Amino acid sequence: MHVLITAGPTREPLDPVRFLTNRSSGKMGYAMAHAFVHAGHSVLLISGPTDLEVPEQVDFIPVETAADMHAAVANGIGRMDIAVFAAAVADYTPACVAAQKIKKSGATLTLELIRTPDILGAARENFGFTGTLVGFAAETEQLEANARDKLLRKQCDLIIANDVSKPALGFDSDHNEVLLVYPEYNEALPATSKHALAHRLAAAILELHAKLKT
Ligand code: PMT
């Protein structure tokens, strides 16, 4: 099976020395890349900047911005059977990038931000992806309702929802706890290491893929 995985944060530049980003470490997406390779599958990992080592036997495309990640996914997803979107993509990017370092001036500074492309949302409609589509949902409230809304809007087969307000789980942690939101039902997976969780998630996604293809 050919599996595309997005991971890590994106960096949206403000000027030559500053950018907007988030606390994603890439650990969840990289653990999933490792788990799919371990299960004998071919993985294309498209990742924003992280401190992690690229898992062995993974095809790797490093990206910086949401626009870069959108282009890399658009280019690669056509060859894939399964796509898993674990990246924490910036929803907004500065409307313009200053050519020179922004100087201090007034007491406040207002930034104008514009929407980035919704990469997961583009998978079906714009990229014509017909394989098994798995998104993540990072929520701080109404976990199941918000994840189910994303499942429908983005035409996913599964959303892996995590409550990122829980201490020591989710962003930049070695552990996570998730709710699998399928069209017909949910399944809660208890807190465990991202490494162990990734193996369970890969098995669940492969099982779902087999079911959808029959
Ligand atoms: O990287 P770690 O430190 O290990 O942390 C893991 C994680 C918390 C980042 C991961 O488990 C996770 O939840 N990833 C998704 C984070 C997120 O941005 O979720 P969201 O609910 O804002 O986005 C919903 C989905 O749309 C996600 O699959 C996201 O990759 C995708 N998306 C979002 C915006 C955008 N412009 N393009 C996208 O593809």
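The values are calculated or read from the model by the stated rules, or taken from the named source; none is laboratory data. Computed from a predicted structure; not experimentally measured. With ideal geometry, Cβ positions are generated from the backbone for all residues, glycine too; neighbour counts draw on all protein chains shown. Ligands, DNA and RNA are stripped out before the accessible areas are found, and what is left, the full protein with its side chains, is counted by its heavy atoms. Shrake-Rupley method; radii C 1.70, N 1.55, O 1.52, S 1.80 Å.
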Inset, instruction - Output the qualifying pairs, or none if there are none: Cβ atoms under 7 angstrom, residues six or more apart or on different chains, first residue in the stretch 71-89 and more than 14 Å from the ligand (Cβ to nearest atom), second residue assigned to a helix (DSSP H, G or I). - result: 81/209
Legend entry - Selection from the stretch 6-35 of residues that are more than 13 Å from the ligand (Cβ to nearest atom) and closer than 21 Å to residue 177 by Cβ: 35
Inset, instruction - Out of the residues in the stretch 180-206 that are in contact with a helix residue (DSSP H, G or I) (Cβ under 9 Å, 6 or more places away or on another chain) and among the charged types (D, E, K, R), state the one that is least open to solvent (accessible area, probe 1.4 Å). - result: 194
Inset, instruction - List the strands (runs of 3 or more DSSP E) that sit entirely inside the stretch 82-136 and contain at least 1 residues that are open to solvent by 80 Å² or more (accessible area, probe 1.4 Å). - result: 92-94, 113-115
Legend entry - In the stretch 147-191, the residues that are among the polar types (S, T, N, Q), under 21 Å from residue 204 (Cα atoms) and not in a strand (DSSP E or B): 155
Legend entry - Per-region count, the stretch 157-174, residues within 18 Å of residue 187 (Cβ to Cβ) and in contact with a Lys or Arg (Cβ under 7 Å, 6 or more places away or on another chain): 1
Inset, instruction - Could you pull out the residue among 176, 146, 162 that is surrounded by 15 or more Cβ atoms within 10 Å (Cβ to Cβ), over 23 Å from residue 52 (Cβ atoms), polar (S, T, N, Q) and near the ligand (Cβ under 9 Å from one of its atoms)? - result: 146
Legend entry - Where a residue in the stretch 105-118 is modelled with pLDDT of 95 or more and its partner, wherever it lies, is open to solvent by 80 Å² or more (accessible area, probe 1.4 Å) and outside any loop (DSSP other than H, G, I, E, B), with Cβ under 7 Å and at least six apart: 113/92; 114/92; 115/92; 116/92
Inset, instruction - Using the structure shown, decide if residue 55 is surrounded by fewer than 24 Cβ atoms within 10 Å (Cβ to Cβ), touching a strand residue (DSSP E or B) at 6+ places or on another chain (Cβ under 7 Å) and closer than 28 Å to residue 204 by Cα. - result: no
Legend entry - Per-region count, the stretch 55-81, residues acidic (Asp, Glu) and either in a helix (DSSP H, G or I) or within 16 Å of residue 13 (Cβ to Cβ) (or both): 2
Inset, instruction - Scan the stretch 59-81 residue by residue and report those that are under 20 Å from residue 133 (Cβ atoms) and either in contact with a strand residue (DSSP E or B) (Cβ under 8 Å, 6 or more places away or on another chain) or modelled with pLDDT under 95 (or both). - result: 59, 61, 63, 66, 69, 72, 73, 76, 77, 79, 80, 81
